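A short worksheet on the structure shown next.
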Amino acid sequence: MADTTTDWHARAKTLKIDGRAFIGGVRMPAAGGQTFECFSPIDNRKLADVASCQEIDVNLAVACARTAFNDRRWAGLSPRERKQAMIRFADLLITNREELALLETLDMGKPISASLSVDVNSAANSLRWFGEAIDKVYDEIAPTADNTLGMITREPMGVVGAIVPWNYPILMACWKIAPALASGNSVVLKPSEKSPLTALRLGDLALEAGIPAGVLNIIPGFGEQAGTPLAMHMDVDCIAFTGSTGVGKKIQIMAGQSNLKRAWCELGGKSPNIVFADCKDLDKAAAASIGSIFYNQGESCNAPSRLLVERAIKDAFVKKLLAHLPDYQPGDPLDEKTTMGAIVDCGQMENVLKYIASGKAQGAKLLAGGAQVRTETGGFYISPTVFDAVTNDMTIAAEEIFGPVLSIIAFDSEEEAIKIANDTPYGLAAAIWTQDISRAHLVAQRLRAGTVHVNSYDEDDITVPFGGYKQSGNGRDKSLHALEKYTELKTTWIRLK
Ligand code: NAD
């Protein structure tokens, strides 16, 4: 637990931030000296100058990663030895948990309580879990004829490029680097230019944990300047991307235009949350629906942003929803009681406000929120916003907003609910609230989504895969399935006498 007497504002003033890149085990500026300014969305205060890596820096990072891979300083360790280093790495995240949580909150705007209890803990858990798993994964022998041996083994890909977004910065980074490192790869990680600070600390901590220099490299910078050269690089074997669907499509093209590297994309969502009239516990459904859409300021890929409610119970259910809104009003992210923080930056806040304006213009009924608040702080905050009378063709229902905006859509039949739920280019997550077990199974089968929750939302565990159908991407983070993304499958035939 966090020390509830911690004065996070005072700690923020004494925090020393190193914005240099981490390449070959060394902190260094961009070769050309370029930097960008990193601001806090809490109050628009400048936090640091961060290295703005360019192609030359990417090339150096990839060269270091390649050398480390080829000389087998990490890939050549036994799985047990890699496990021990990964567990030390996880332990170091926990030892430095308060510093990392503070950096995350200052950089990205989420409440300090969430950074402490969810983001840093889950990031450490990911490193620990993949570390612990890797010496328990066996290869296969195929059932071939007696005079042959067909060995099926998994080998590390080589150099993995990881490009991650700003909404869960340390967690998204660890969802990539944990399975990639555990399976013996070298990694070049590019964090988002909007929230690069915790990722940079991962480099220092990996080295301290005994992961050899050059195995993990971190290159902060902008998408086109640092991300594109990484995705286009001829000596990167695999690119693991989490971000928007638009950029994900470009990543796939870059992989095809360069060396046909494996390209894994975890992308956006517009997840349907379906409440049937036979739901047994509407209070629980209302609390979970509100909690899940407004958690992390609505900046979650799997946020249930489309709430489909059976018309017979809609008005009663909406009343229950609105009763929870006082619990999600934006507050000071450095106050441990705050449940909703700041939007990541001014540009993202303006995007969200534009979507709110479009909802009003297209005839949706604004029930709550809809405005910037806490303007006196200089930061970027939006009150939790609820629209009723939304139809699925309105822009607020069709496009990913990535902010605290809930759209309520009424339906009259199970068939109609399924049709609306699937009527989206996305397929990341979905939920069904019903007490009819047959309905739960049958509807879950027909929802085109990578994760379906029944009578809950946001169940989460490192042991289960996470990823999307359709334009929400390919591949899966988390669980043993993630190892498939970072390993090549090899067949070795041995002719016996
Ligand atoms: P984004 O696509 O704008 O950026 C993601 C990363 O890609 C950043 O590091 C960025 O610098 C980099 N990038 C941008 N343009 C690039 C280019 N041309 N070449 C190479 N790299 C480039 O996304 P974002 O705004 O940072 O994050 C929000 C998006 O991420 C949302 O769509 C959200 O749903 C998605 N997301 C998905 C998951 C998931 O697991 N499916 C998880 C978290 C976030």
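The values are calculated or read from the model by the stated rules, or taken from the named source; none is laboratory data. None of these values were measured; they are calculated from a predicted model. Positions of Cβ are backbone-derived with ideal geometry, glycine not excepted, and every protein chain shown enters the neighbour counts. All accessible areas refer to the heavy atoms of the entire protein, side chains included, with ligands and DNA or RNA removed. Shrake-Rupley method; radii C 1.70, N 1.55, O 1.52, S 1.80 Å.
Of note:
- Some residue of the range 288-295 being of a type in the set (V, I, T) and either farther than 25 Å from P425 by Cα or more than 16 Å from the ligand (Cβ to nearest atom) (or both): yes
- For the range 226-246, the candidate set comprises residues that are in a helix (DSSP H, G or I) and near the ligand (Cβ under 6 Å from one of its atoms); within that set, the residue that is most open to solvent (accessible area, probe 1.4 Å) is T228.
- Condition met for A68 (under 22 Å from A209 (Cβ atoms) and assigned to a helix (DSSP H, G or I)): yes
- Residue match in the range 384-397 (condition: over 23 Å from the mean Cα position of the chain (by Cα), small (G, A, S) and more than 18 Å from G269 (Cα to Cα)): yes
- Residue match in the range 277-287 (condition: crowded, with 24+ Cβ neighbours inside 10 Å, assigned to a helix (DSSP H, G or I) and in contact (Cβ under 8 Å) with a residue 40 or more places away in the chain): yes
- Taken over the range 197-225, the criterion of being open to solvent by 20 Å² or more (accessible area, probe 1.4 Å) and either within 13 Å of the ligand (Cβ to nearest atom) or among the charged types (D, E, K, R) (or both) is satisfied by R201, D204, E208, F222, G223, E224, Q225.
- Residue count, the range 250-276 (criterion: in a helix (DSSP H, G or I) and either among the β-branched types (V, I, T) or touching a residue at least 24 places away in the same chain (Cβ under 8 Å) (or both)): 5
- Number of the condition not met by K249 [criteria: (1) more than 15 Å from the ligand (Cβ to nearest atom); (2) farther than 17 Å from M157 by Cβ; (3) among the basic types (K, R)]: (1)
- Flag for L366 being part of a strand (DSSP E or B) and open to solvent by 10 Å² or more (accessible area, probe 1.4 Å): yes
- Some residue of the range 352-359 being at pLDDT 95 or above, touching a Lys or Arg at 6+ places or on another chain (Cβ under 7 Å) and under 23 Å from L321 (Cα atoms): no
- All positions within the range 262-286 that are within 30 Å of L489 (Cα to Cα) and either within 13 Å of the ligand (Cβ to nearest atom) or touching a Lys or Arg at 6+ places or on another chain (Cβ under 6 Å) (or both): A263, W264, C265, E266, L267, G268
- Taking helices (runs of 4 or more DSSP H) as the structural unit, those lying wholly within the range 388-485 and holding at least 2 residues that are among the acidic types (D, E) and at pLDDT 95 or above correspond to 414-422.
- Boolean, L92 is among the hydrophobic types (A, V, I, L, M, F, W, C) and over 23 Å from L181 (Cα atoms): no
- The sole residue among L102, L92 that is under 19 Å from D7 (Cβ atoms) and touching a residue at least 12 places away in the same chain (Cβ under 8 Å) is L102.
- Residue count, the range 175-191 (criterion: within 15 Å of the ligand (Cβ to nearest atom), in contact with a helix residue (DSSP H, G or I) (Cβ under 7 Å, 6 or more places away or on another chain) and either open to solvent by 10 Å² or more (accessible area, probe 1.4 Å) or touching a residue at least 60 places away in the same chain (Cβ under 8 Å) (or both)): 6
- Complete set of residues in the range 369-385 that are open to solvent by 50 Å² or more (accessible area, probe 1.4 Å) and either in contact with a strand residue (DSSP E or B) (Cβ under 9 Å, 6 or more places away or on another chain) or in contact (Cβ under 8 Å) with a residue 12 or more places away in the chain (or both): Q372, R374, T375
- Residues in the range 146-174 that are within 14 Å of the ligand (Cβ to nearest atom), touching a Ser or Thr at 6+ places or on another chain (Cβ under 7 Å) and of a type in the set (A, V, I, L, M, F, W, C) were compared, and the one that is nearest to W493 (Cα to Cα) is C174.
- Considering the range 1-56, the qualifying strands (runs of 3 or more DSSP E), each wholly inside and each with 2 or more residues that are farther than 30 Å from E376 by Cβ, run over 21-23, 26-28.
- Listing of strands (runs of 3 or more DSSP E) fully contained in the range 120-172 that carry 3 or more residues being open to solvent by 10 Å² or more (accessible area, probe 1.4 Å) and modelled with pLDDT of 95 or more: 140-142, 148-156
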